[in-house]
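The values are calculated or read from the model by the stated rules, or taken from the named source; none is laboratory data. The structure presented is a predicted model; accordingly, all values stated were derived computationally and were not measured. All Cβ positions, even for glycine, are placed from backbone atoms using ideal geometry, and neighbour counts span all protein chains on display. We work out accessible area using only protein heavy atoms, side chains counted, and drop any ligands, DNA or RNA first. Shrake-Rupley method; radii C 1.70, N 1.55, O 1.52, S 1.80 Å.
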Amino acid sequence: MERWRGRVALVAGASVGIGAAIAVELVRLGMKVVGCARDVGKIQKLAAECQSAGHPGVLVPFKCDLSKEEEILSMFAAIKEQHKGVDVCINNAGLAHPEALLNGKTSGWKNMMDVNILGLSICTREAYQSMKERNVDDGHIININSMSGHRVLPNATTHFYTATKFAVTALTEGLRQELRAEKTHIRATSISPGLVETEFGPRLFKDDPDKAAGLYSEYKPLEAKDVASSVVYVLSAPPHVQIGDIQMRGTEQVS
């Protein structure tokens, strides 16, 4: 990770869970991390904790609603002005609504598409353009995907969410192909965790407290720091190594 010290990483969805763990770990390793989310107060608290811990990097909080293109574009403009640009883009922001295909609300479907697919794609485009205009040829774009991007579980409440994650799988491979066509050494990676103990599950099942409470009791799930470690592994790979996808589960998770 030595070559990344002092360089700029954008972590989308950095206020809690996996995004927060990634942001803190990269700061610990000496990167300048722009962490964005709607709830910027939580990122400000993380930034203060990183400073108190004496980490060599810095966490820069930025308020951004990733379902709104104008806010994403304003964020990239601010990063360009204040930090020159992005060297690493980690598209971690994602959400799920329990909206089944047969009777789900269109508003929930649209929100998942806006954040999980369009927000990710806009950040990817702007990050690449930032790298290109500065002749950064060793950048990295990492999409935090899901095992749901590789299989469909018999759970109606997650079927539309699953479709958005299948899209992330396709977008990551498509990005890799386009980067190769441009003859750049910028890399694209998807990291696909199974069940991770974060606020994601309880938020999804907030209307079913019993299901939310039992979500992490059947077996030991992954922890956010496990996914952060995978990000570090990917970034640490030699420049000639392209890691396309990491699929990871807790050892007791069946599907």
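Out of Gly41, Gly139, Gly30, any idea which swings most in a Gaussian network model of the chain, alpha carbons joined below 10 Å?
Comparing Gly41, Gly139, Gly30 in a Gaussian network model of the chain, the most mobile one is Gly41.
For every helix of n ≥ 4 consecutive DSSP H residues, a contribution of -39,500 (n - 2.57) applies; sum these over the chain, divide by its total residues, and give [θ] at 222 nm rounded to the nearest 500 deg cm²/dmol.
It comes out at -13000 deg cm²/dmol, rounded to the nearest 500.
Under the rule that a partner needs its Cβ under 4.7 Å from the first Cβ, which Cys of the chain have none?
Here Cys50, Cys89, Cys123 come out as lacking a disulfide-compatible partner, given the Cβ-Cβ threshold of under 4.7 Å.
Which value results for Rg/Rh of the stretch 1-100 when Rg is the Cα radius of gyration and Rh the Kirkwood radius based on the inverse mean 1/r?
Reported Rg/Rh, Kirkwood definition of Rh: 0.98.
Treating the angle as unsigned and between 0 and 90°, give the value, to the nearest 10°, between the Cα long axis of helix 224-236 and the longest Cα principal axis of the chain.
Orientation of helix 224-236: about 40 degrees from the principal axis.
How big is the equivalent ellipsoid of the chain along its three axes, where each semi-axis is √(5λ) from the Cα gyration tensor, reported in whole Å from largest to smallest?
The equivalent ellipsoid of the chain has semi-axes of 28, 20, 18 Å.
Each residue of the stretch 192-197 in order: what ³J(HN,Hα) in whole Hz does its phi give by Karplus 6.51 cos²θ - 1.76 cosθ + 1.60, θ = phi - 60°, with x for Gly and Pro?
Values per residue, Gly and Pro as x: 10, x, x, 5, 10, 7 Hz.
Only Cα pairs within less than 10 Å get springs; with that Gaussian network setup on the chain, which residue of Pro221, Pro239, Pro154 has the largest fluctuation?
Pro154
Can you give the Kirkwood hydrodynamic radius for the stretch 86-165, in Å, rounded to one decimal and based on Cα pairs?
Values: mean 1/r = 0.0726 Å⁻¹.
For the stretch 86-165, inverting the mean 1/r across all distinct Cα pairs yields 13.8 Å.
Measure off, as a whole percent, the carbon and sulfur share of the 1.4 Å-probe accessible area of the stretch 1-148, all protein chains present.
Roughly 51 percent of what the probe reaches on the stretch 1-148 is carbon or sulfur.
How big is the charge dipole of the chain about its Cα centre, in debye rounded to the nearest 20, if each Lys and Arg gets +1 on its Cβ and each Asp and Glu gets -1 on its Cβ?
Charge dipole, the chain, about its Cα centre: 420 debye, nearest 20.
Quick one: 3J(HN,Hα) in Hz for the stretch 40-50, Karplus 6.51/-1.76/1.60 with θ = phi - 60°, rounded, Gly and Pro as x.
6, x, 5, 6, 4, 5, 4, 4, 5, 5, 5
Mind scanning Lys32/Lys225; Lys68/Lys105; Lys132/Lys183; Lys45/Lys220 and naming the pairs with a C-alpha gap bigger than 23 Å?
Among Lys32/Lys225; Lys68/Lys105; Lys132/Lys183; Lys45/Lys220, the Cα-Cα distance tops 23 Å for Lys45/Lys220.
Using DSSP to define loop residues, name the GluC sites (Glu not before Pro) in the stretch 9-74 whose beta-carbon has at most 12 other beta-carbon atoms within 10 Å. Numbers along the way, then the final one.
Details: sites: Glu25, Glu49, Glu69, Glu70, Glu71; in loops: none.
Taking the stretch 9-74 and a limit of 12 other Cβ atoms within 10 Å, no loop GluC sites (Glu not before Pro) are found.
With every protein chain left in place and a probe of 1.4 Å, what is the accessible surface of Leu73, to the nearest 10 Å²?
70
How many angstrom separate the Cα center of the stretch 85-114 from the Cα center of the stretch 9-40?
Centre-to-centre (Cα) distance: 19 Å.
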